[in-house]
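Q: Here you go, one structure.
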Ligand SMILES: [Zn+2]
């Protein structure tokens with residue numbers, strides 16, 4: 001009876017499942033020695049465990065875009081403190097795990113809808129855009145595609161031109177195709193070079209138009225809501241590696257800061273060349289944001305010097321009496 005079954009059993013997987021062990025602990029063996037650059041990750045929302053895992057997986061540099069915090073801010077001082085932490089404490093915290101931290105500064109699309117506060121934020125943006133390590137205006141763009149979102153998107157494109165910085169564009173979840181086209185049309189209308197614009201959160205529907213018009217196309221590997229990394233493999237197979245970059249956009253939601261190393265491993269398993277993997281997980285992000293004049297690869301390519309007893313305004317990442325990083329496989333917590 002059994003030999004006559006026409007359908008394969010549930011236990012017969014695809015070719016990959018048969019030939020390769022894809023258990024989570026194993027993917028790291030595919031990316032030994034590779035280096036990664038995550039151009040979109042919100043470390044303010046993440047833990048020291050994440051920083052350690054990122055460093056262990058070969059992530060040498062990251063960009064943290066200014067974004068919304070899950071609930072609206074009620075005053076300008078909250079924006080000031082947030083921007084200051086992106087160029088201050090968070091950058092320091094990252095350095096203590098050996099990862100070079102950059103950021104983009106901007107008024108996010110959601111909070112652009114509070115016009116009174118948005119006006120105040122616009123006034124302080126120039127102060128922060130001039131700071132060391134600020135590699136772009138971002139993440140800005142459309143959420144609900146309202147008139148106020150458009151107003152502040154346009155105003156911030158002008159700021160980016162004035163400060164000669166790249167723009168990191170958040171595209172909406174709802175009505176994505178239309179929102180992405182509109183974001184690009186407005187950027188072009190303002191006369192900014194599309195090579196200075198990174199269109200983020202792309203998918204199969206938007207990628208062709210973004211690349212055809214000369215923009216950078218970023219892809220967020222984010223469970224459930226954005227892209228899965230198997231789909232990402234197919235996109236690189238179809239479109240190649242030119243001007244394409246991958247990011248995690250890990251934040252306070254259910255997200256995966258290891259999205260880049262995992263995607264790189266999956267690409268390798270699927271036979272994508274190491275050169276293409278290097279471009280979409282490192283080089284293209286570096287090239288795009290280095291147009292700010294704020295990134296020196298030599299600062300991080302061979303790793304940062306780590307001394308976890310260093311201080312930032314009198315604070316270290318070590319809480320009272322802790323020792324610097326120790327063996328995490330040990331059962332003892334001391
Ligand atoms: Zn984001």
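The values are calculated or read from the model by the stated rules, or taken from the named source; none is laboratory data. Owing to the predicted nature of the structure, the values given are computational and were not obtained by experimental measurement. Here the Cβ positions follow ideal geometry from the backbone for every residue, glycine too, while neighbour counts run over all protein chains shown.
Q: State whether the residues of the stretch 142-154 include one that is within 15 Å of the ligand (Cβ to nearest atom) and in contact with a helix residue (DSSP H, G or I) (Cβ under 7 Å, 6 or more places away or on another chain).
A: yes
Q: Give the stretch 267-282 a look and list any residue that's in contact with a helix residue (DSSP H, G or I) (Cβ under 8 Å, 6 or more places away or on another chain) and assigned to a loop (DSSP other than H, G, I, E, B), or say none. Can you show your working first?
A: Step one: filter the stretch 267-282 for residues in contact with a helix residue (DSSP H, G or I) (Cβ under 8 Å, 6 or more places away or on another chain), giving 267-270, 272, 274, 276-277, 280-281.
If the condition is that a residue be in contact with a helix residue (DSSP H, G or I) (Cβ under 8 Å, 6 or more places away or on another chain) and assigned to a loop (DSSP other than H, G, I, E, B), then 270, 272 are the ones that fit.
Here's the yes/no breakdown for (1) within 25 Å of residue 104 (Cα to Cα); (2) loosely packed, with under 12 Cβ neighbours inside 10 Å:
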residue	(1), (2)
254	yes, yes
268	no, no
273	no, no
290	yes, no
294	yes, no
297	yes, no
301	yes, no
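Q: Looking at the stretch 235-256, I want the residues that are closer than 18 Å to residue 198 by Cα and modelled with pLDDT of 95 or more and have a partner that is in a loop (DSSP other than H, G, I, E, B) and away from the ligand (no atom under 16 Å from the Cβ) with Cβ atoms under 7 Å, at least 6 apart or on another chain. Which pairs are those?
A: Every condition considered, the pairs that remain are 235/204; 236/272.
Q: Of all residues in the stretch 192-212, which are assigned to a loop (DSSP other than H, G, I, E, B), away from the ligand (no atom under 16 Å from the Cβ) and surrounded by 16 or more Cβ atoms within 10 Å (Cβ to Cβ)?
A: Once the filter is applied, which keeps residues that are assigned to a loop (DSSP other than H, G, I, E, B), away from the ligand (no atom under 16 Å from the Cβ) and surrounded by 16 or more Cβ atoms within 10 Å (Cβ to Cβ), the stretch 192-212 yields 192, 206.
Q: Residues of the stretch 214-242 being part of a loop (DSSP other than H, G, I, E, B) and in contact with a helix residue (DSSP H, G or I) (Cβ under 6 Å, 6 or more places away or on another chain), which ones?
A: Residues satisfying the conditions are 214, 215, 241.
Q: Further, regarding this structure: Taking the options 158, 120, 139, 150, name whichever one is within 16 Å of residue 251 (Cα to Cα) and not in a loop (DSSP other than H, G, I, E, B).
A: 139
Q: Residue 86 fails exactly one of the following numbered conditions: (1) in a helix (DSSP H, G or I); (2) over 16 Å from residue 43 (Cα atoms); (3) within 16 Å of the ligand (Cβ to nearest atom). What is the number of that condition?
A: Exception for residue 86: condition (2).
Q: Can you tell me which of 249, 285, 264 is part of a helix (DSSP H, G or I), under 21 Å from residue 102 (Cβ atoms) and within 16 Å of the ligand (Cβ to nearest atom)? Can you show your working first?
A: Working: 249 fails: part of a helix (DSSP H, G or I); 264 fails: within 16 Å of the ligand (Cβ to nearest atom).
That would be 285, the only listed residue that is part of a helix (DSSP H, G or I), under 21 Å from residue 102 (Cβ atoms) and within 16 Å of the ligand (Cβ to nearest atom).
Q: I would also like to ask the following. Identify, by number, the condition in (1) within 17 Å of residue 42 (Cα to Cα); (2) surrounded by fewer than 16 Cβ atoms within 10 Å (Cβ to Cβ) that residue 124 doesn't meet.
A: (1)
Q: Collect the residues in the stretch 161-177 that are surrounded by 15 or more Cβ atoms within 10 Å (Cβ to Cβ), in a helix (DSSP H, G or I) and out of contact with any helix residue (DSSP H, G or I) (no Cβ under 7 Å at 6 or more places or on another chain), keeping them in residue-number order. Can you show your working first?
A: Taking the stretch 161-177 and keeping what is surrounded by 15 or more Cβ atoms within 10 Å (Cβ to Cβ), we get 161, 163, 165-172, 176.
When the remaining residues are screened for being in a helix (DSSP H, G or I), the result is 161, 163, 176.
Selection gives 161, 176.
Q: Of all residues in the stretch 38-53, which are within 24 Å of residue 290 (Cα to Cα), touching a helix residue (DSSP H, G or I) at 6+ places or on another chain (Cβ under 9 Å) and within 16 Å of the ligand (Cβ to nearest atom)?
A: 38, 39, 40, 41, 43, 44
Q: Return the pairs, sorted by first residue and then second, in which the second residue is assigned to a loop (DSSP other than H, G, I, E, B), the first residue lies in the stretch 97-119 and is without any contact (Cβ under 8 Å) to a residue 24 or more places away in the chain, the beta carbons are less than 8 Å apart, and the residues are 6+ apart or on different chains.
A: none
Q: Every residue in the stretch 55-83 that is touching a strand residue (DSSP E or B) at 6+ places or on another chain (Cβ under 6 Å) and within 16 Å of the ligand (Cβ to nearest atom), please.
A: 62, 63, 64, 65, 66, 67, 83
Q: Next up: List, please: which pairs have Cβ atoms under 7 Å, are six or more places apart or on different chains, and start with a residue in the stretch 122-151 that is within 18 Å of residue 166 (Cα to Cα) and end with one that is away from the ligand (no atom under 15 Å from the Cβ) and part of a strand (DSSP E or B)?
A: Close Cβ pairs satisfying both conditions: 128/134.
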